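Note sheet for the following structure.
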């Protein structure tokens, strides 16, 4: 995706931090939805454990109903599975074109999104939760299978 609105918080973030393409941010958001809706990951954290979004501070940190939280490890695993589903054996290459080379990059993207109010964290969450969750080379070859037709 080459187009984005520079007045949107994500557009402003892309101007400030050029390490990742807009597609990487959208992929992480899609991975979060995939984790919650398809894989059933996440649990509703206690209200006092969630940190408010910057935009929520004036509204006393109210949250949306049914908001579920994932750990960094859960989000990384969901991103791996989602990438494999979407891109197959090209998953690692596609992520690399967006600037994503390790699970640490997922953490940087998540914390950038938290900073602009597009994601939330609990008081226990930290960037290090995303460090070395898995090795990209082996993670994106695992679960791949190739079959040769019988008549070959």
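The values are calculated or read from the model by the stated rules, or taken from the named source; none is laboratory data. Here the structure is a predicted model, which is why all the values come from computation and not from measurement. Using ideal geometry, Cβ is built from the backbone for each residue, glycine included, and neighbour counts are taken over all protein chains shown.
Once segment 82-99 is narrowed to residues that are surrounded by fewer than 17 Cβ atoms within 10 Å (Cβ to Cβ) and in contact (Cβ under 8 Å) with a residue 60 or more places away in the chain, the residue that is farthest from residue 45 (Cα to Cα) is 97. If the condition is being under 26 Å from residue 68 (Cα atoms) and in a helix (DSSP H, G or I), then segment 14-33 contributes 22, 23, 24, 25, 26, 27, 28, 29, 30, 31, 32, 33.
Which one of 88, 66, 107, 72 is closer than 17 Å to residue 31 by Cα and modelled with pLDDT under 95? Talk me through it step by step, then tell me what you get.
Values: 66 fails: closer than 17 Å to residue 31 by Cα; 107 fails: modelled with pLDDT under 95; 72 fails: modelled with pLDDT under 95.
Residue meeting the stated conditions: 88.
Within the option set 127, 123, 81, being more than 11 Å from the chain's Cα centre (by Cα) and under 16 Å from residue 19 (Cβ atoms) holds for one residue only, 127. Taken over segment 20-33, the criterion of being surrounded by fewer than 19 Cβ atoms within 10 Å (Cβ to Cβ) and either touching a helix residue (DSSP H, G or I) at 6+ places or on another chain (Cβ under 7 Å) or on the phi > 0 side of the Ramachandran plot (or both) is satisfied by 22, 30. Filtering 37, 129, 49, 150 for residues that are farther than 27 Å from residue 12 by Cβ and at pLDDT 90 or above leaves a single hit, 37.
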